[in-house]
Amino acid sequence: MNGAQALIRTLTGSGVDVCFSNPGTSEMHFVAALDAVPEMRGVLCLFEGVATGAADGYGRMAGRPAAALLHLGPGLGNGLANLHNARRARTPLLAVVGDHATYHKRFDAPLESDIEALAGTVSRWVRRSARSADVAADAAEAVAAAMRPPGGISTLILPADVSWSEGAEPAPPLPVRPPASVPQETIESAAGTLRSGEPCVLLLGGPGTRRPGLEAASRVAQATGARLLCETFPARLERGAGIPGIDRLAYLAEFAAEQLAGARHLILAGAAAPVSFFAYPGKASSLIPAGAEVHVLAEPADDVCGALRRLADLAAPGTKPLAREAERPELPSGDGNLTGDAVAAAVGALLPEGAIVSDEANTSGLWLPGATAGAPPHDWLTLTGGSIGQGLPVATGAAVACPGRPVLALEADGSAMYTLSALWTHAREGLDITTVIFNNRSYAILNMELNRVGAEPAGDAARNLLELSRPSLDFVALANGMGVPASRASTPGEFGAQLQQALAEPGPHLIEALIERIG
Ligand SMILES: Cc1ncc(C[n+]2csc(CCOP(=O)(O)OP(=O)(O)O)c2C)c(N)n1
Ligand SMILES: [Mg+2]
């Protein structure tokens, strides 16, 4: 067996059976080996940022890694922005980066580059397989390293001759260590703080935004009066009717400061201490309220939900979580101008049970949390690392991970364009993804940030870099060109009807919502 075959058999044996791929010459033996190992599903992505973002979406939903197959340093470089988001999401993910044959490297052929340097910025584990006899053991270790709590990126660099040489055999999967249990003193100390009568905020992040964490935290909040918040950009937030609702810490520092105002104690469960997304002249970077004490109940690598449950058993014995009641807005109708508000109401009115929402709606998404809070239970995936171009790829991976569940990609126009070719993969794989493009013909948030950072008011030259006009983008044509049926809505009535139809039909659809920008 050659190295590539042993590698792929090791991966499928370790639970990695999807590979989002954009291959090149150095990965041809890996590609050829897919026919020898049908358990591995290769999914072609037309840009590496789609492959890495899809592996992120897959890992967030499956809880185990997908592989992303990338072509040397430039392929990895193209995939880096969404690997950055995956690192922030703490997604288990395996990047397999093909490289020149070992003996070819010293000739400095055109694609030669420093792969380790690129990989090092996002990976917790990097190894270059030296021989085909080693590659299977390396792969097993890579998967276990990616799965180690709280989850992260492993990068396996695969020289072409290691792939093509014989003498390899598959390696068995390695055990993965479970999340660390939080010491009893830490739980007791947090319970003491909560009983002090002083204002407390319990800030959830990482695994804490899944249902068991939310339920335990809700018990604590009910019994002690602590305020409950979660991080601004959770990797995966379970929400909807029957699940305790939670507000996300606001993106805008001035609103986040209001949410945290008056807190004497900030108790962190899987979340980092809150910071402003950017620095603004004259404003503080840390959002910890003056005089507040920070307590770490659980780090992201800890058993966050277990710690919250134990805390609830101590501080809230007998208290039940407060489940969000079922409640939906009415489906908007009429032929007025379409607004972000109306789009959100339609999403709230129609969101199917078990839906997975990939949210990169940016400024136009302002009304989404409110409009969908009481919809049937669903998962909400957000822009964890602030690097735009994540939404369509993450939707791709989520749909591959959860074939029975409808996926809704809520996508701002500017962000959509970074990785628009994900639509082609939606069509190629027949994925049940409804994409809504919030077309405000603008980098709207940057108009807002221009004022917030105290820059000069925008003149024509500045506006020219923030407006997506001249020419305006035709997302219906773009989607059709990649095999995705598409329609355009410019009134609430049109949008509601089109969303209803798109959700009712299996397979990918795109709706371009023409709206005005806010801010
Ligand atoms: C990789 C990357 N490049 C650039 C930016 C800077 N940036 C932040 S928001 C934004 C524009 C967003 O426009 P759009 O997606 O249309 O959302 P809108 O602001 O219009 O709601 C840009 C370019 C970024 N965050 N990430
Ligand atoms: Mg926009």
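Beta bridges from DSSP with both residues in the chain: antiparallel share about 10 percent, rounded to the nearest 5.
Rounded to 0.05, the FRET efficiency of the Lys320 and Glu293 pair, given R0 = 30 Å and the Cβ-Cβ distance, is 0.55. Each of Leu70, Leu311 has some number of other Cβ atoms within 10 Å of its Cβ, and from fewest to most they run Leu311, Leu70.
You can think of it this way: the chain between Val275 and Ser196 has 25.9 nm of extra reach, that is 0.36 nm per residue less the Cα-Cα gap.
Helical content alone sets the calculated 222 nm signal of the chain at -11000 deg cm²/dmol, taking -39,500 (n - 2.57) per DSSP H segment of four or more residues and averaging over every residue. By definition, a body whose alpha carbon gyration tensor gives a ≥ b ≥ c is oblate when a/c is 1.5 or more and a/b is not larger than b/c, and the range 342-457 fits this oblate description.
Within the set of other residues whose C-beta is less than 11 Å from the C-beta of Gly75, count the net charge using Lys and Arg as +1 and Asp and Glu as -1. For residues surrounding Gly75, the net value is -3.
Inter-part distance, the range 377-424 to the range 443-519, computed on C-alpha centroids, equals 15 Å. Amide hydrogen proximity for Glu512: with H placed 1.01 Å from N in the peptide plane, the residues at 5 or more positions away or on another chain lying under 5 Å are Ile437, Ser487, Arg488, Ala489. For Ala409, the residues whose modelled amide H falls within less than 5 Å of its own, excluding neighbours fewer than 5 places apart on the same chain, are Ser358, Thr434, Thr435, Val436. Backbone N atoms of the range 486-519 closer than 17 Å to the 7 Å Cα→Cβ label point of Leu446 belong to residues 517-519.
Residue exposure proxy: Thr319, Thr384, ordered by other Cβ atoms within 10 angstrom of their Cβ from fewest to most, comes out as Thr319, Thr384. Put a dot 7 Å past the Cα of Glu254, heading toward its Cβ, do the same for Leu44, and the two dots end up 5.0 nm apart.
For the chain, the square roots a ≥ b ≥ c of the C-alpha gyration tensor eigenvalues yield an a/c of 1.5 or more together with a/b not exceeding b/c, which makes the shape oblate.
Computed from backbone phi with θ = phi - 60° and the Karplus coefficients 6.51, -1.76 and 1.60, the 3J(HN,Hα) list for the range 292-305 is 7, 9, 9, 10, 9, 6, 8, 7, x, 7, 7, 6, 5, 5 Hz; x is used for glycine and proline. When GluC sites (Glu not before Pro) are flagged only if DSSP places them in a loop and at most 16 other Cβ atoms lie within 10 Å, the longest unflagged stretch of the chain comes out as 113-324. Counting every other Cβ atom within 10 Å of each residue's Cβ, Tyr103, Tyr58, Tyr418 order from fewest to most as Tyr103, Tyr418, Tyr58. Placing dummy labels 7 Å off each Cα toward the beta-carbon, the span from Glu456 to Glu327 is 4.8 nm.
Using 0.36 nm per residue and subtracting the Cα-Cα separation, the extra length available between His104 and Ser490 on full extension is 133.3 nm. For the range 428-492, what class follows from the C-alpha gyration tensor (a ≥ b ≥ c being the square roots of its eigenvalues): rounded when a/c is under 1.5, otherwise prolate if a/b is larger than b/c, else oblate? Cα axes put the range 428-492 in the prolate bin.
Take every DSSP beta bridge with both residues inside the range 222-361 and express the antiparallel ones as a percent of the total, to the nearest 5. Walk me through the numbers before you get to the answer.
On the way: 1 of 8 bridges.
About 10 percent, rounded to the nearest 5.
Only the coordinates and a few stated rules stand behind these numbers; no lab work does. Predicted model, so just to flag it, every value in this text is computed and none were measured. So basically every Cβ, Gly included, is an ideal-geometry build from the backbone, and we count neighbours across all protein chains shown.
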